[in-house]
Amino acid sequence: MTDLFEPLRIGPMEVSNRICMPAMHLALARDYEVSTPLCDFYAARAAGGVGMIVAGYATVDEDSGNPGNIGAHDDRFVPGLARLAGVLRAGGARAALQLNHAGRYNSSFLLAGRTPVAPSAVASRLTRETPRALTHEEIETLVRRFGEAARRAREAGFDAVEVLTGTGYLVSQFLGPGTNLRSDRWGGSLEARARFGLAVIRTVREAAGPGVALLARTNGDAFTPEGPSREDLLRWAGFLVDAGVDAISVNVGWHEARVPQVVPEVPAGAFAWLARSIREATGLPVIAGHRIDDPQVARRLIREGACDGVAMGRALIADPDLPRKALEGREAEILHCTACGQGCLDNVFRLQGVECLANPRAGHEGQRVLRATHTPRRLLVVGGGPAGLAAARAAAECGHDVTLHERGVRLGGQLRLAGAVPGRRTFDRLADDLTVAAERAGVRLVTGSPVDRIVLETESPQYVVLATGARPATLDLPGKGPPVVQAWEVLEGRAQVGRRAVVVGGNAVGIETALYLAAEGSLPAEVLKFLLLHGAGDPEDLVRLAARGTRAVTVVERAGRMGKDFGPTTRWTLMQDVERAQVRLRTTMRAVALHPRGLEVEGPAGSEVVPADTVVLAVGAVSVADLAADLEALGIPFTTVGDAARVSNAFAAIHAGWKAGAEDGL
């Protein structure tokens, strides 16, 4: 039986284990040049034990990407590429470079006003721009430029080159019948639409030479009618074999696809069956990707024959040492990715370098370094939410004597609230991971222990990190009507909610609470599977019953838009879930009073009563830092972090907590 840490042969290259880090947008290059932050980022992952790192993507001409991508379109970039390949190999990983052209996914804003190019002038739903159709001569030039970029990768010392042929970029735009409307030799039948991609593969194969492995990353399913069908993609995989690729890396979905691919609700390894179909069709080594975030999942997929290796991208952003921990039997110490997208995908949309909710050092490896303190201090952390746990761990790893007090019985704070929402279990797991990390760093964790002046005087800390978080804000609703509860009470399971619920507040907490309430009474996954397998009901009816429960839920929001504090990469999936669950959304509505029949609201058209058995408040939060006065009176130096300092989100809390714990001046 193949093990996760058994070597994997890919053409002329042997990889030490089956874990690969795929190419991702990191926005760490500087004007196409390999930068020190980029090298620092990848060095940490190579040292963590991953078998192969595919860096990139790398550009093949100036229209193929933007200055935040790695440049491979000119010989002047070879020294930087060589530096990067050396960093990867020095850490023990095989070094691969992905080549790509964005095609119509590029933007004129990033191209100094130039119009993006594509097979045909079909508007992009991602950028909302219409590209210019490539001429025959330009297509042939592009094929040559892919080869020239591959030659540079070989000269720089990379062990492998990968060509991205999926995800809606240029090669897959040629493959897609909805994006390739050409009537010349580059369009028409699948064989004709595949001609450009195969010319690229063959040219890259020749330019890379026999000593360099060649991989193709492609889709198992495009999940959009514009793209090639799944049957087309299976045939495309066969074409890749004939063109000389040594392995295929399988992902799913074009960027405009409306099937969630990398958000928390996607079950781990959910798309691996598509990799298995390509593996069975080609006989080549296949690497499966998407939401493979744990070694146990990876082992299962390899054992079941879905793939020969796994692509762990954001899992290795969250924990660079994941492979080594798994190899050494320390899997309980892994810090798992939450799939929130806040620091990785959302940053890409903002043209900012990669960061991570779970790992404050990601993207800052050279600057955010924990250094042993020369003046160890007795440190008290008050509050066991994400900010407190991050601060306690960082301070303990620097050598301070750290005790953390949490007034509740569970650590994790508002991560536990987020983790209660259907499909958001990853946040609950992160709370567990942060707790384990703090324990292993040597932090004494004391739960059920509120801190007051007496505790401060008894423990006599030399420094305090105040991470007491926030409490839910209230709303004065006059009149008599249904009971009013807080969203936090609902998510903690401490409130009874009737069959008709009105949530006041369309922020992230309000939307997540609405989904939590709407899910009650829906078909569980195992019941749905049983009923589908045995034909016990119409499949459309069963899917509908799995999507929504027995409660009627309405959300009222004063602003004109719901969920505006969600990141762009997750908002659309959650709003899609809201629609599927038939949660009623009422924007530009202000809650004004309770009414015997429900909640009275006021909007542009006047006032009305929304029927309700329970009103749920999700109107924000208020910082809790009452202990600051006692600390000042006692003359104990302290810093306030997380929501206790300023109400924000878990990303800000963890980063602020880590920085406070790592401060040299503690």
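The values are calculated or read from the model by the stated rules, or taken from the named source; none is laboratory data. Predicted, not measured: the structure shown is a model, and the values here were computed from it. Here the Cβ is made from the backbone with ideal geometry for all residues, glycine too, and neighbour counts use every protein chain on show.
Summary of values
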quantity: Complete set of residues in segment 547-582 that are surrounded by fewer than 19 Cβ atoms within 10 Å (Cβ to Cβ) and among the aromatic types (Phe, Trp, Tyr); calculated: 572
quantity: Segment 396-413, subset farther than 10 Å from residue 385 by Cα and of a type in the set (A, V, I, L, M, F, W, C), residue surrounded by the fewest Cβ atoms within 10 Å (Cβ to Cβ); calculated: 409
quantity: Count of segment 238-268 residues which are of a type outside the set (Val, Ile, Thr), under 21 Å from residue 280 (Cα atoms) and crowded, with 24+ Cβ neighbours inside 10 Å; calculated: 4
quantity: Test set (1) out of contact with any Asp or Glu (no Cβ under 8 Å at 6 or more places or on another chain); (2) closer than 22 Å to residue 56 by Cα - residue 97 fails condition number; calculated: (1)
quantity: Residue check, residue 443 closer than 20 Å to residue 627 by Cα, surrounded by 16 or more Cβ atoms within 10 Å (Cβ to Cβ), hydrophobic (A, V, I, L, M, F, W, C) and not assigned by TED's automatic domain parsing to the domain that holds residue 313; calculated: no
quantity: Top-ranked residue of segment 51-74 - restricted to ones that are over 30 Å from residue 4 (Cα atoms) and touching a helix residue (DSSP H, G or I) at 6+ places or on another chain (Cβ under 7 Å), ranked as surrounded by the fewest Cβ atoms within 10 Å (Cβ to Cβ); calculated: 61
quantity: Within segment 277-296, tally of residues that are free of Cβ contacts under 8 Å to residues at least 40 places away in the same chain and either crowded, with 19+ Cβ neighbours inside 10 Å or not assigned by TED's automatic domain parsing to the domain that holds residue 164 (or both); calculated: 5
quantity: Near pairs, Cβ below 8 angstrom, 6+ apart or cross-chain, from segment 326-347 (more than 25 Å from residue 569 (Cα to Cα)) to any residue that is polar (S, T, N, Q) and in a loop (DSSP other than H, G, I, E, B); calculated: 327/17
quantity: In segment 471-484, residue surrounded by the most Cβ atoms within 10 Å (Cβ to Cβ) [restricted to those that are small (Gly, Ala, Ser) and over 16 Å from residue 510 (Cα atoms)]; calculated: 481
quantity: Leading residue by the ranking (modelled with the lowest pLDDT) among those in segment 345-386 that are surrounded by fewer than 20 Cβ atoms within 10 Å (Cβ to Cβ) and of a type in the set (Val, Ile, Thr); calculated: 348
quantity: Single residue of segment 331-340 satisfying the filter (out of contact with any Lys or Arg (no Cβ under 8 Å at 6 or more places or on another chain) and in a loop (DSSP other than H, G, I, E, B)) that is surrounded by the fewest Cβ atoms within 10 Å (Cβ to Cβ); calculated: 335
quantity: Only one of 288, 326 that is of a type in the set (Gly, Ala, Ser) and over 16 Å from residue 220 (Cβ atoms); calculated: 326
quantity: Lone unmet requirement of (1) under 27 Å from residue 647 (Cα atoms); (2) assigned by TED's automatic domain parsing to the domain that holds residue 593 for residue 465; calculated: (2)
quantity: Among (1) out of contact with any His (no Cβ under 6 Å at 6 or more places or on another chain); (2) touching a residue at least 40 places away in the same chain (Cβ under 8 Å) - the single one residue 481 does not satisfy; calculated: (1)
quantity: All positions within segment 20-36 that are of a type in the set (A, V, I, L, M), under 8 Å from residue 56 (Cα atoms) and surrounded by fewer than 22 Cβ atoms within 10 Å (Cβ to Cβ); calculated: 24
quantity: Hits in segment 354-386 (condition: among the small types (Gly, Ala, Ser), closer than 25 Å to residue 445 by Cα and touching a Gly at 6+ places or on another chain (Cβ under 6 Å)); calculated: 372, 383, 385
quantity: Qualifying positions in segment 78-118 - among the small types (Gly, Ala, Ser) and either assigned to a loop (DSSP other than H, G, I, E, B) or not assigned by TED's automatic domain parsing to the domain that holds residue 16 (or both); calculated: 91, 92, 93, 102, 107, 112, 113
quantity: Failed criterion for residue 232 (all others in (1) of a type in the set (D, E, K, R); (2) in a helix (DSSP H, G or I); (3) crowded, with 19+ Cβ neighbours inside 10 Å hold); calculated: (3)
quantity: Within segment 497-536, considering residues that are touching a residue at least 60 places away in the same chain (Cβ under 8 Å) and among the basic types (Lys, Arg), the one surrounded by the most Cβ atoms within 10 Å (Cβ to Cβ); calculated: 500
quantity: Single residue of segment 480-523 satisfying the filter (touching a Gly at 6+ places or on another chain (Cβ under 9 Å) and among the polar types (S, T, N, Q)) that is farthest from residue 577 (Cα to Cα); calculated: 507
quantity: Qualifying positions in segment 124-135 - closer than 16 Å to residue 175 by Cα and not hydroxyl-bearing (Ser, Thr, Tyr); calculated: 133, 134
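This table checks each residue for (1) touching a strand residue (DSSP E or B) at 6+ places or on another chain (Cβ under 9 Å); (2) without any contact (Cβ under 8 Å) to a residue 40 or more places away in the chain; (3) within 22 Å of residue 62 (Cα to Cα); (4) not in a helix (DSSP H, G or I).
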site	(1), (2), (3), (4)
139	no, no, yes, no
142	yes, no, yes, no
148	no, no, yes, no
163	yes, no, yes, yes
184	no, no, no, yes
199	no, no, yes, no
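Residue-wise test of (1) on the phi < 0 side of the Ramachandran plot; (2) surrounded by 22 or more Cβ atoms within 10 Å (Cβ to Cβ); (3) out of contact with any helix residue (DSSP H, G or I) (no Cβ under 8 Å at 6 or more places or on another chain).
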{"site": "622", "(1), (2), (3)": "yes, no, yes"}
{"site": "630", "(1), (2), (3)": "yes, no, no"}
{"site": "635", "(1), (2), (3)": "no, no, yes"}
{"site": "656", "(1), (2), (3)": "yes, yes, no"}
